[in-house]
Structures are given as structure tokens and as C-alpha cells.
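Working notes, beginning with the structure itself.
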Amino acid sequence: MSIQTILLVVMVGLAAGILSGLVGVGGGIIIVPALVFILGFSQHQAQGTSLGILLLPAGIFAAINYYKQGFIDLKVVLILFIGFVIGGYFGSKISLSLSDTAVKKIFAVVLVLIAGKMLFFEK
């Protein structure tokens, strides 16, 4: 890996970390598009790499800060975790059965729908 690539990956990680701590996003919204468009990863490679970060407690320090301020409900975290593990397993099976182009289009539609909901609807 070249120095330039390492620096780009560090910058993507910093941006994702800052946005994760700031507004709770990072993996899908920052890392996946950056890996695809800046580093030339396939959609599947980018998603797999982003999921790889979840295997380690990447956001532990940000979570500790939020927990100290009373903004984390551990019961909800546990329930979300169980759903995420099960959903992640089946979602990855579905994703890996689709073409890279199809997954990229699904990813883009999800981002647009979420952005529209957040911009134009209160709840």
C-alpha cells in the first residue's frame, strides 16, 4: 500500500470517526462511498471493509462520552445488537448474491430515502 493510499485511508477514517461522534454516522455514509469513489473499491469490498470496523470497538470512546452524559440506553443497545447481528448475517447473504452494480444502486436509494425523510419530515 502506498503512502498516498495510507493517508487517504487515514483521512477517511478520521472523517468517519468525527461524523460518527458528531451525528452517529460513519460506516455506511462515509466509509463505503469513500472507499468506492476515492480508493476504487468494489461496492462489496467497501461494505465488507466497513463492516470489518464493527468487529472491533471502533466507536468505544465516543460511546463512553455519550454514556457519561446519559444518552445511551443499554437495554436498547442490547436489543439493537441482537437485531443487527441477525440482520447483518441475512443482509450480507442477500448482498453477496447480487451484482456489485445492483448493491450500489440499492445503497444509493437507501441514502436518498433517508436523507429525504430527515430533510422533509419531522417524525
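The values are calculated or read from the model by the stated rules, or taken from the named source; none is laboratory data. As the structure is a prediction and not an experimental result, all values here were calculated from the model. All Cβ positions, glycine included, derive from the backbone under ideal geometry; neighbour counts span all protein chains shown.
For residues that are more than 17 Å from the chain's Cα centre (by Cα), of a type in the set (A, V, I, L, M) and exposed (fewer than 11 other Cβ atoms within 10 Å of the Cβ), scanning just the stretch 97-123, find the one that is modelled with the lowest pLDDT.
118
If I ask for residues that are farther than 20 Å from residue 29 by Cα and surrounded by fewer than 10 Cβ atoms within 10 Å (Cβ to Cβ), which ones from the stretch 49-70 would you list?
68, 69, 70
Right, residue 51: modelled with pLDDT under 90 and assigned to a loop (DSSP other than H, G, I, E, B) or not?
no
Kindly indicate whether residue 94 is β-branched (Val, Ile, Thr), loosely packed, with under 14 Cβ neighbours inside 10 Å, in a helix (DSSP H, G or I) and free of Cβ contacts under 8 Å to residues at least 60 places away in the same chain.
yes
Is it the case that some residue within the stretch 29-36 is assigned to a helix (DSSP H, G or I) and surrounded by fewer than 16 Cβ atoms within 10 Å (Cβ to Cβ)?
No - not one qualifying residue is present in the stretch 29-36.
Residue pairs, Cβ under 7 Å, 6 or more apart or interchain, first in the stretch 109-123 and touching a residue at least 60 places away in the same chain (Cβ under 8 Å), second aliphatic (A, V, I, L, M) and surrounded by 10 or more Cβ atoms within 10 Å (Cβ to Cβ). List them.
111/29
Scan 103, 76 and give me the residue that is at negative phi and touching a helix residue (DSSP H, G or I) at 6+ places or on another chain (Cβ under 9 Å).
Exactly one residue qualifies, and that residue is 103.
Looking only at the stretch 13-28, how many residues end up being surrounded by fewer than 17 Cβ atoms within 10 Å (Cβ to Cβ), in a loop (DSSP other than H, G, I, E, B) and in contact (Cβ under 8 Å) with a residue 24 or more places away in the chain?
Of the residues in that region, 0 qualify.
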